[in-house]
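We did not get these values from a lab; they are worked out from the coordinates using the rules stated. Note that the coordinates shown come from a computational prediction; the quantities given were computed from them, not determined experimentally. Cβ atoms come from the backbone with ideal geometry, glycine included; neighbour counts cover every protein chain shown.
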Amino acid sequence: MRIPAPLSAWTVLALSVGPSSVKISGPKPAIQGEGNDYVCSAECIPPCTYSWFVDGDDLNMHRTKLTVIAGQRKPFTLECTALNPESGEIRIHGIETQDSSVPRVQCGAAGPPGLVEEETQSQSGE
């Protein structure tokens, strides 16, 4: 008589939490003529991906850290969108700066006043 081999089964659970507690850390008011660092963060499993918006315009910068070199025109609204890549759930957080700036998009550290995309990757490492 042959004894059957024990059966085993594995169940893989995909845990998806958040995003929740989305926030932007950074100076309000921004310091004119200087780099002002803003960081977007959220509680999210797996790690969220981030998008930045200024006055509703998508900056196409998908990083957690953004540096704004403030100009001298008017206050602006800075928004961060946190996306859970597993669930597709999105949360948005925005702040109104209290300086008199209108940022322009700038990739890299040199050039005219504007937004500088930092080297810091999103928490997911993308």
Exercise. Work out, step by step, the length gained on full extension between residue 96 and residue 55: first 0.36 nm times the residue separation, then minus their alpha carbon distance; give nm to one decimal.
Key: 13.8 nm
Exercise. Just subtract the alpha-carbon distance of residue 34 and residue 86 from 0.36 nm times their residue separation and send over the number in nm, one decimal.
Key: 15.0 nm
Quiz item: Simple spin-label model, 7 Å along Cα-to-Cβ: residue 77 to residue 43 in nm?
Solution: 2.7 nm
